[in-house]
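The values are calculated or read from the model by the stated rules, or taken from the named source; none is laboratory data. Values in this document were obtained by computation on a predicted structure and should not be read as measured data. So basically every Cβ, Gly included, is an ideal-geometry build from the backbone, and we count neighbours across all protein chains shown. The area values use the complete protein model at the heavy-atom level, side chains included, leaving out ligands, DNA and RNA. Shrake-Rupley method; radii C 1.70, N 1.55, O 1.52, S 1.80 Å.
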Amino acid sequence: MQYGPAVRRRKLGAELRALRTGTGLTSGEAARLVGWHQSKVSRIETGASGVKPADVRLLLDAYGVRDAELRELLVVLAGSDEGAGRHHWWHAYRGVLPATYRDFISLESQASAMRTLETSVVPGLLQTPAYARAVTRAAVGADADDRLDALVAVRLARQDVLRADPPLRLDAVLDEAVLHREIGGPEVMTEQLERLIEAARLPQVSLQVLPFAAGAHIGITGPFVIFSFSSTSDLDVVVLDHLTSSLYLERKEDLQAYTDAFNTLRIHALSPGGSLDYLAALRGGA
């Protein structure tokens, strides 16, 4: 397990190495093409050192990479503060966001699909403003209101990935406890249930409720997120949230284990249609 920045460097380096070898170039030949020493290419490819976005573009040009989506993703993994559009909007909040949260948002903004198990709260991408504020206030405690406002604004801004073109594909499994944990009061929960019902009807969202009747299940150890990328599966990553940080798992064995776990959870959960019926019934009784 590694923290986000190290994972990004290593994944970026591995992808650049694969692109180089695909052209038939040695690291020394690649270095000469861009006017570097061979050791710089090696350090970048092993993730031993960071790399500037401009240097990533230089390598991609040398390797003849023209895929705009792949180029943008690799530049983001380099930690770019540049770029157009909303891919980098979170940099305006650098003063209030931990580095691991910024890494999470950068991955989320570039992913093509996200699979998530939630055992305590509604996924951030599906939260209403009032629910998001209540959850955030509980997490940050008695912090100043301006910081609370900024954190809520970030959480709501993240939801734009579901309205992008193309939108993020979201597959979410919610433990039934999420729906019965009253956060923010009855009115907030009723509004949140309505938001979940709306989201469950979106073509890019699959929402399943894991009922109490499922008993003990593989997800009781805690929530997790799996990000997938259409450009290359080598960049897929699992994210585990902890109280003060996020941990990133990148090994193929870990990815497969969590993918298998998520598939198992989906089998034991209500179907998307059955989950929508359950949400509607729960809202009706709210």
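The alpha-carbon positions of the stretch 5-78 define a convex hull whose volume is 71 Å³ per residue. Measure off, as a whole percent, the carbon and sulfur share of the 1.4 Å-probe accessible area of the chain, all protein chains present. It is 53 percent, rounded to a whole number. Under a GNM of the chain (C-alpha, springs under 10 Å), which listed residue has the highest mean-square fluctuation: S206, S112, S49? The residue that fluctuates most here is S49. Close amide H contacts of S206 (hydrogens built in the peptide plane, cut-off under 5 Å, sequence separation of 5 or more or a different chain): L170, D171, A172. Protection proxy ranking for 170-180, 23-33, using the average of other Cβ atoms within 10 Å per residue and placing the highest first: 170-180, 23-33.
Summing Cβ point charges (Lys, Arg +1; Asp, Glu -1) relative to the Cα centre of the stretch 5-78 gives a dipole of roughly 260 debye. Summarised as an ellipsoid, the stretch 142-252 has semi-axes of 24, 21, 18 Å, derived from the eigenvalues of the Cα gyration tensor scaled by 5 and square-rooted, with the largest first.
Dividing the C-alpha radius of gyration of the chain by 2.2 N^0.38 Å, with N its residue count, gives 1.09. Solvent-accessible area per residue in the chain equals 47 Å², computed with a 1.4 angstrom probe and all protein chains kept.
When all protein chains stay in place and ligands, DNA and RNA are ignored, the 1.4 Å accessible-area order of W90, W36, largest first, is W36, W90. In this entry, the stretch 46-200 is assigned a mean projected area of 10.9 nm², taken as a quarter of its C-alpha convex hull surface. Relative to the longest principal axis of the Cα atoms of the chain, the long axis of helix 145-158 lies at roughly 80 degrees. Comparing E15, E69, E108 in a Gaussian network model of the chain, where Cα atoms under 10 Å apart are tied by springs, the biggest mean-square fluctuation is seen for E69. About its Cα centre, the chain has a charge dipole of approximately 800 debye under the convention of +1 per Lys or Arg Cβ and -1 per Asp or Glu Cβ, with nothing else charged. Working note: Cα atoms of the stretch 86-174, range along each principal axis, descending, whole Å: 37, 29, 20.
As an exercise, use a Förster radius of 41 Å and the Cβ-Cβ distance of A48 and A214 to find the FRET efficiency, rounded to the nearest 0.05. Plugging the Cβ-Cβ distance into 1/(1 + (r/R0)^6) gives 0.35.
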